[in-house]
1. Per residue, how much accessible area does segment A:7-230 show when a 1.4 Å probe rolls over the protein heavy atoms, in square angstrom?
2. Calculate, axis by axis, the spread of Cα positions in segment A:7-230 along the three principal axes, and write the results as whole Å, longest axis first.
3. How much area per residue is accessible in segment B:15-102 when the probe is 1.4 Å and only protein heavy atoms are counted (Å²)?
4. How high is the relative contact order of segment A:7-230, given as a whole-number percent (alpha carbon pairs under 8 Å, six or more residues apart)?
5. Which residues of segment B:137-180 end up with at least 40 Å² less accessible area in the presence of all protein chains than when their chain stands alone, using a 1.4 Å probe?
6. What distance in nm separates the simple spin-label points at residue A:122 and residue A:45, each placed 7 Å from Cα in the Cβ direction?
7. Ordered by residue, what ³J(HN,Hα) values in Hz, to whole numbers, does segment A:163-169 give under the Karplus form 6.51 cos²θ - 1.76 cosθ + 1.60, where θ = phi - 60° and Gly and Pro are x?
8. Using only protein heavy atoms and a 1.4 Å probe, how much accessible area in total is buried between A and B, to the nearest 100 Å²?
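The values are calculated or read from the model by the stated rules, or taken from the named source; none is laboratory data. As the structure is a prediction and not an experimental result, all values here were calculated from the model. Here Cβ is always computed from backbone atoms with ideal geometry, including for glycine, and neighbour counts include all displayed protein chains. These area figures cover heavy atoms from the full protein model, side chains too; ligands, DNA and RNA do not enter into them. Shrake-Rupley method; radii C 1.70, N 1.55, O 1.52, S 1.80 Å.
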Amino acid sequence: MTKGGIFPAIIGTFYLTIGSSLIALPLGVASAIYLSEYAREGWLLRLIRLGIQNLAGVPSVVFGLYGLALFVVFLGFGVSILAGSLTLGFLILPTVIGASEEAFRQVPSTFREASLALGATKFQTICRVVLPSAMPGVLTGSILGIGRAAGETAPIMFTAATFYTKHLPTSPLDQVMALPYHIYVLATSGTHIDQTRPLQYGTVLVLISLVLGINIFAIIIRTRMRRKKTW
Amino acid sequence: MVATSDIVIEVRDLDFYYGDMKALRGVSLNIKRNQVTALIGPSGCGKSTFLRLLNRMNDLIPGTRVEGQVVFEGKNLYDEDVNPVDIRRRIGMVFQKPNPFPKSIFNNVAYGPRLNGIKDKKRLDELVVRSLKQAAIWEEVKNSLDKSALSLSGGQQQRLCIARALAMAPEVLLMDEPTSALDPIATSRIEELVEALKKDYPVVIVTHNMQQAARVSDDTAFFYMGEMVEMGNTERLFTKPEKQQTEQYITGRFG
Ligand SMILES: Nc1ncnc2c1ncn2[C@@H]1O[C@H](COP(=O)(O)OP(=O)(O)O)[C@@H](O)[C@H]1O
Ligand SMILES: [Mg+2]
């Protein structure tokens, strides 16, 4: 348990993070567009919002089991990057939706009005004005959510992660090592605790640095965009 | 009644409601070609509402209702088969507060042509340059077309917004108090511009500033509490108003 290094785990976490973003960002932004630009106030909208709020409150282990049942078993993706990314993607979906809705709200209505007055359709206005103006906000909020996903263990332990593999993944259907799960295993399953403890702490440091790095990246985007934005 | 050739928009018996609130009552008037038509009246009398009815911008406000006709080039804008998006492409609008997009100067002006499907870089270049020249802002921005439109001064932003509207080659230009957020120098530049534009575009301009109406317009319509009280040649209206309310307003006894 003391050999092998954590490079595969770093790569695995990297893939899972990218994969979950690829799932959560488009879906979340599209949902937010529907909710804030198209949906009419009413019981349906209230129900959807309630659903999203509840989704945000679901314990991550439940996402893990749900991912196991739906993606790993039912859809037959197996324990894989794909299944793990989908699971993590749904975990951060509420965050992305929330961040996007907030970002859309901040786009002044005068931009929309100017676009519509030029004969743009609502859809063109959203694609060409609202979305580009809101993108920094969407990204900042979403990246913070993604940073959280990168550190989660429970959602990936049944869906994507394996404790040890010498191979780097070559397809989305491969299993991967991942930093949080690696830490979990080092902390709970070691037979030579005294030997694995330093490795465990080292891995924790790497993971924390990674999450911190992601968050700092988000903050940099936000401050740069704030400076540019003068409306 | 067929619209005679010097009339571009003919409004007949127009009523307008925000929910239950009747904001316009039985307004009828004509907008002529090659002219600046000013809409004046105290705040809240319905000038903006009326203006926004001319390019169907009020359609965007939920719960509104229109009765009557706005005949543009022989066709009622409020007929079932009219697409408001087409109307807004043909009738341009400039707002009270300059509202450029947070994009480059070039991309602001190219926005409308791109909506019309123009992708060719050379044609876009031509259109942008021509529109900026028409809006009398070319000299000031010709070396900074890639700079953000938000870096311009208020008056420049407003002329950019005019250029943006002109790039659509509109058949009519609507302006809602386009100088109310600007300083006197920027205001006089816009006024000169309006004068210059009228040979190519009929302009309808809302203003709460009577001097401005007197300076730039050929015809003036006076609105009061949702009704069009009096309309006529600007000079005549200001010197010999026919209605008592008009006289009271222009002599500053209210509003
Ligand atoms: N979006 C709106 N919803 C409800 N009422 C409105 C709306 N816009 C304007 N009004 C009302 O309609 C009337 C006319 O407003 P407006 O056309 O803006 O006047 P003006 O431009 O002459 O100042 C006012 O009483 C105003 O309160
Ligand atoms: Mg107004």
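1. With the other protein chains kept in place, segment A:7-230 gives 50 Å² per residue.
2. Principal extents (largest minus smallest coordinate, Cα): 70, 41, 31 Å.
3. Roughly 40 Å² per residue, with all protein chains present.
4. 29 percent
5. Buried by 40 Å² or more upon assembly, which counts only protein chains, are B:150.
6. 1.1 nm
7. 6, 9, 8, 7, 8, 7, x
8. Its buried surface, counting both partners, is about 1700 Å².
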